[in-house]
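The values are calculated or read from the model by the stated rules, or taken from the named source; none is laboratory data. Every value quoted in this text rests on a predicted model; they were computed, and no experiment measured them. Cβ sites come from the backbone with ideal geometry, for glycine too, and all protein chains shown count toward neighbours.
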Amino acid sequence: MRVIAGSAKGRRLKGPRDRSGRTRPSSDLVRGAVFSALASMGADMSRVLDLYAGSGALGIEALSRGAGSCDFVERDSSACAVIKENLAVTGFAGQGKVFCAPVARALPRLQGTYTLLLADPPYEDREAAAVLVQVAASALVGEGAVLVLEHSAREEPRGELGRLSLVSVRRHGDSAVSIYRQEVNDC
């Protein structure tokens with residue numbers, strides 16, 4: 001696994017040490033497709049939140065492509081250590097903060113608003129959908145924010161998550177990426 005574009009392009013990332021099989025890193029193909037879609041949308045990557053972060057590859061890719069900062073949320077302590085190692089090896093340790101807790105428990109500890117939210121929960125995590133609805137309806141989501149959700153291609157995405165509406169679904173083998181966006185109020 002490597003960073004595929006930006007200032008840290010080509011840097012190797014460590015994968016999670018998860019033996020349970022719950023952590024499944026996003027492939028280079030999927031990460032490339034996600035960031036290509038985000039670029040074509042003109043998504044703001046100034047403040048990023050990487051939920052169910054695993055190795056941190058999605059958030060680190062955002063940092064490499066110019067994101068100002070990224071908060072990583074991951075429940076597994078060994079995966080949190082891997083995220084910190086990957087931030088150090090890519091030179092982004094000062095731009096990333098790791099919250100080692102389940103997403104639902106980490107939410108009250110997160111502050112401010114995010115412009116880009118990345119979520120790659122384990123496919124079999126049945127609580128993730130409710131947690132993501134909670135996140136999408138929260139004050140953590142900035143105006144015009146984009147949420148990217150990686151999920152099983154066998155699942156049909158919801159039309160809405162909180163205040164966010166589905167704008168795109170892309171399938172890549174067994175994985176699918178659903179992109180949600182909050183409409184900007186022009187009042």
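At a glance:
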| read-out | value |
| --- | --- |
| Matching residues, segment 123-144, being surrounded by fewer than 14 Cβ atoms within 10 Å (Cβ to Cβ) and either touching a strand residue (DSSP E or B) at 6+ places or on another chain (Cβ under 6 Å) or not in a loop (DSSP other than H, G, I, E, B) (or both) | 130, 143 |
| Residue match in segment 46-57 (condition: in a helix (DSSP H, G or I) and on the phi < 0 side of the Ramachandran plot) | yes |
| Set 60, 4: member being of a type in the set (A, V, I, L, M), out of contact with any Cys (no Cβ under 9 Å at 6 or more places or on another chain) and outside any strand (DSSP E or B) | 4 |
| First in segment 138-149 and farther than 17 Å from residue 42 by Cα and free of Cβ contacts under 8 Å to residues at least 40 places away in the same chain, second anywhere and hydroxyl-bearing (Ser, Thr, Tyr) and assigned to a strand (DSSP E or B), Cβ under 6 Å, 6 or more apart | 149/178 |
| Options 98, 73: the member that is in contact (Cβ under 8 Å) with a residue 24 or more places away in the chain, outside any loop (DSSP other than H, G, I, E, B) and over 24 Å from residue 179 (Cβ atoms) | 98 |
| Given (1) closer than 21 Å to residue 72 by Cβ; (2) touching a Lys or Arg at 6+ places or on another chain (Cβ under 8 Å); (3) not hydroxyl-bearing (Ser, Thr, Tyr), number of the condition residue 153 does not satisfy | (1) |
| Residue in segment 101-120 that is surrounded by the fewest Cβ atoms within 10 Å (Cβ to Cβ), counting only those that are touching a residue at least 60 places away in the same chain (Cβ under 8 Å) and farther than 15 Å from residue 56 by Cβ | 112 |
| Selected residue [assigned to a strand (DSSP E or B) and touching a Cys at 6+ places or on another chain (Cβ under 9 Å)] from 118, 166, 147 | 118 |
| Selected residue (criterion: modelled with the lowest pLDDT) from residues of segment 110-135 that are under 16 Å from residue 147 (Cβ atoms) and touching a Ser or Thr at 6+ places or on another chain (Cβ under 7 Å) | 120 |
| Some residue of segment 155-163 being in contact (Cβ under 8 Å) with a residue 24 or more places away in the chain, touching a helix residue (DSSP H, G or I) at 6+ places or on another chain (Cβ under 7 Å) and assigned to a loop (DSSP other than H, G, I, E, B) | yes |
| Qualifying positions in segment 82-95 - part of a helix (DSSP H, G or I), buried (at least 22 other Cβ atoms within 10 Å of the Cβ) and hydrophobic (A, V, I, L, M, F, W, C) | 82, 83, 87 |
| Segment 111-155, residues that are in contact with a His (Cβ under 9 Å, 6 or more places away or on another chain) and hydroxyl-bearing (Ser, Thr, Tyr) | 123 |
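Rundown of residues vs (1) of a type in the set (Ser, Thr, Tyr); (2) within 18 Å of residue 53 (Cβ to Cβ); (3) more than 14 Å from the chain's Cα centre (by Cα), yes/no style:
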{"site": "110", "(1), (2), (3)": "no, yes, yes"}
{"site": "148", "(1), (2), (3)": "no, yes, no"}
{"site": "162", "(1), (2), (3)": "no, no, yes"}
{"site": "168", "(1), (2), (3)": "yes, no, yes"}
